[in-house]
Amino acid sequence: MRFYSLLLLLPPTFARSITSRQTTVSAWVAQEEPVARAALFRNIGVKGEFAQHVDAGGVIASPSTDAPDYYFQWTRDAALVFKVLLNQYINGNSSLDTFLREYAGESDKLQKTENLSGGYTTGGIGEPKFRVDGTPFTGNWGRPQTDGPAIRATVLIEFANKLLDAGETEYVRSTLYKNTLPADTVIKADLEYVANYWKASGFDLWEEVDSDLHFFNMMVQQRTLREGAALATRLGDTGAGDWYSTQANAIRARLPEFWDSSRGYLISTLGTSRDGLDCGTLLGSIHGNGAAGTKIFQPSSDEVLVTLQKLVDAFKPLYPINTAANSPGVAIGRYTSDVYDGVGVSVAHPWFICTFTVAEVLFTAINEFNSTGSITISQLSEPFFKQFLPSTVVGSTYTPASPEYSTIVSGMREYADTFVSTAQTHVRGNGSMSEQFSRYDGFQKGARDLTWSYASFLTTVWAREGRTAF
């Protein structure tokens, strides 16, 4: 890990060129994966190279302390990072047990820290951002944010289930989920917050729009309440399990409202002046489903695939690097009217997270098609699939044994790889990734070594290998 850490401190000394990368996507992914793994640990307290003053189990968004200052803990970002670590734990890396317990402890501390969103039982769990020592951030911010507690609960619920499978009932019941009200354990507190506050107004994952109807937020909320209901029932808290299920179903009943048939895509937030085409919608599909799926707006669904294509089509002409000669693919930003440039307000740029996310949705859709054993062409999805199989017609169903199925899947995989290759082109030679890269020349912009960028890369790689993250 130290080897990668030293490399990542070196400034780039090479010129950026679209044609400079000759490495195949597969070879680059194999080279980048250990760099990305090491980068996550550098940003986790208290042993991480860039996080030695961070609470154990805390995650900094970035080591950057000026222009911009991202040296804080964000509930959402930390949960997404530990989602990656838990995925490795599930797949046999038992050494991560200590990290996960420290994360649970830090989460409990943050939940119980009085802040500007409220107290432990009065909405404070929705506070999005804390200082690295766990004390509250008291500056102006988009608060509350209701997505972070849901993702954190999803991570710790899965951790609790694995511990229960291993017979560690006492730790789970005493530290993670105690069958008491008011809640005083980390999972129970998050589930109670989500179940009681999902209707409340809060900010979107980009911390800009205040509304009670965000697609991303509601997708991750319905997922954690479903999974929380199962854990509660497993632990004998059947009344809570029924309550969480009721709230999950209520959220799911509202999710179809985000489909705008006149525009032909899923809207990120209802009731705003924006056009609603947003990378956050794709992130909602991924993190609101996971490998098991929740059977609503999964990556392979018609609505998500056509939304993805609308997003790509909108960004392709927007950034000059997308139309440059020999560009490997389309770089993707958050949304087309974005003006955050990584430090202030001017013109926005592509994000590594969003560019990888398009690829991850496509790879995950392939995995879901392989799991269900068929691809069916509807009137809605026909234009999307025609780019891979021009002869397809509405009503066709293809199974893995058919050449048409193979053609579609191969085409989707090649298409997904163009987004990975696009990100690869703008990753520094030492493997480091910031938040954004310039729409004009591809040089990196904004916060350096953004932890979420590395996490997004890793989950995309796993989806590419057929191993969709939980």
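The values are calculated or read from the model by the stated rules, or taken from the named source; none is laboratory data. As the structure is a prediction and not an experimental result, all values here were calculated from the model. Here the Cβ positions follow ideal geometry from the backbone for every residue, glycine too, while neighbour counts run over all protein chains shown. Each accessible area value is taken on the protein alone, full model and side chains, heavy atoms only, with ligands, DNA and RNA left out. Shrake-Rupley method; radii C 1.70, N 1.55, O 1.52, S 1.80 Å.
Among 377-386, 441-450, how do they line up from the highest to the lowest mean number of other beta-carbon atoms within 10 Å? Don't skip to the end; give the middle numbers.
On the way: 377-386: 16.6, 441-450: 21.6.
Highest mean packing first, the order is 441-450, 377-386.
Taking only protein heavy atoms and a 1.4 Å probe, what accessible area per residue, in Å², does segment 69-198 have with all protein chains in place? Show your work: numbers first, answer last.
On the way: 4470 Å² over 130 residues.
Each residue of segment 69-198 exposes 34 Å² on average to a 1.4 Å probe.
To the nearest 20 debye, what is the magnitude of the charge dipole of the chain about its Cα centre, counting +1 on the Cβ of each Lys and Arg and -1 on the Cβ of each Asp and Glu?
On the way: 39 positive and 49 negative charges, 103 e Å.
Taking the Cα centre of the chain as origin, the dipole is about 500 debye.
Can you list the HN-Hα couplings for segment 432-445, worked out from phi with the Karplus curve (6.51, -1.76, 1.60; θ = phi - 60°), rounded to whole Hz and with x for Gly and Pro?
Each residue's phi maps through the Karplus curve to give 7, 10, 8, 7, 10, 9, 4, 5, 8, 10, x, 5, 5, 10 Hz.
Could you work out how far the C-alpha centroid of segment 285-358 sits from that of segment 33-48, in angstrom?
Cα centroid to Cα centroid, the span is 25 Å.
Which percent of the accessible area of segment 286-427 is formed by carbon and sulfur heavy atoms (probe 1.4 angstrom)? Can you show the working numbers first?
On the way: 2780 of 5000 Å².
The C+S portion of the solvent-accessible surface of segment 286-427 is 56 percent.
In cubic angstrom, how much convex hull volume per residue do the alpha carbon atoms of the chain span? Before the final figure, lay out the partial values.
Details: hull volume 66.2 nm³, N = 470.
Per-residue hull volume (Cα only) is 141 Å³.
Along the charge dipole of segment 175-308, which of 244, 219, 231 sits closest to the positive end, that is, farthest toward it, with unit charges on the beta carbon of Lys, Arg, Asp and Glu (+1, +1, -1, -1)?
231
Percent of Cα-Cα pairs per 10 Å bin, from 0 to the last occupied bin, for segment 295-378, please list those.
Whole-percent P(r) values from 0 Å outward: 16, 41, 28, 13, 2.
Segment 405-430 to segment 167-246: how many Å between their Cα centroids?
36 Å
State the Cα centre-to-centre distance between segment 133-154 and segment 64-112 in whole Å.
Segment 133-154 and segment 64-112 have Cα centres spaced 13 Å from each other.
Once phi is turned into ³J(HN,Hα) by the Karplus curve 6.51 cos²θ - 1.76 cosθ + 1.60 with θ = phi - 60°, what whole-Hz value does each residue of segment 151-161 show in order, with x for glycine and proline?
5, 4, 4, 4, 5, 6, 5, 5, 4, 4, 4
Using the 2.2 N^0.38 Å rule of thumb for compact globular proteins, work out how segment 334-396 stacks up: its C-alpha Rg over that value, please. The partial results should precede the final answer.
On the way: Rg = 17.0 Å, N = 63, 2.2 N^0.38 = 10.6 Å.
My calculation over the Cα atoms of segment 334-396 gives 1.60.
Using the Kirkwood radius over C-alpha pairs as Rh, can you work out the diffusion coefficient of segment 388-470 via Stokes-Einstein at 20 °C, viscosity 1.002 mPa s, in µm² per second? Please report the intermediate quantities before stating the final value.
Details: Rh = 15.2 Å.
D, rounded to a whole number, is 141 µm²/s.
Among 270, 355, 365, whose Cα lies farthest out toward the positive end of the dipole of segment 251-376, if unit charges sit on the beta carbon of Lys, Arg (+1) and Asp, Glu (-1)?
Of the listed residues, the answer is 270.
I'd like the carbon and sulfur percentage of the solvent accessible area for segment 141-195, probe radius 1.4 Å, heavy atoms only, ligands and nucleic acids excluded. Mind dumping the intermediate values first?
On the way: 870 of 1730 Å².
Ligands and nucleic acids excluded, carbon and sulfur give 50 percent.
Residue by residue through segment 55-68, which ³J(HN,Hα) values in whole Hz follow from phi under the Karplus form 6.51 cos²θ - 1.76 cosθ + 1.60 (θ = phi - 60°), with glycine and proline marked x?
3, 4, x, x, 10, 7, 5, 6, x, 5, 10, 7, 6, x
Taking every pair of alpha-carbon atoms in segment 112-158, what share in percent sits in each 10 Å bin, from 0 to the bin with the longest distance?
Percent of Cα pairs in each bin: 28, 55, 17, 1.
So which lysines can residue 109 reach, going by Cα to Cα under 29 Å and dropping same-chain residues fewer than 8 places off?
47, 83, 129, 162, 178, 188, 199
What value does segment 331-470 have for Rg/Rh, both radii from Cα atoms and Rh as Kirkwood defines it? Could the numbers behind the result be given before it?
On the way: Rg = 17.2 Å, Rh = 16.3 Å.
A ratio of 1.05.
For residue 316, give me every one of the lysines with a C-alpha distance below 26 angstrom, ignoring sequence neighbours fewer than eight places off in its own chain.
By straight Cα distance, residue 316 reaches 386, 445.
Can you compute the helix-only [θ] at 222 nm over the chain? Use -39500 (n - 2.57) per DSSP H run of at least 4 residues, normalise by all residues, nearest 500 deg cm²/dmol.
Values: 14 runs with 211 residues, N = 470.
Rounded to the nearest 500, the figure is -14500 deg cm²/dmol.
Would you work out which of 137, 96, 169 lies farthest towards the positive end of the dipole of segment 89-195, given +1 charges on the beta-carbon of Lys and Arg and -1 on that of Asp and Glu, about the Cα centre?
Positive-end residue among those listed: 137.
Work out how much length residue 166 to residue 109 would gain on full extension: take 0.36 nm times their residue separation and subtract the Cα-Cα distance, in nm to one decimal. Each step should come with its number before you reach the end.
On the way: separation 57, 0.36 × 57 = 20.52 nm, distance 2.58 nm.
Result: 17.9 nm gained on full extension.
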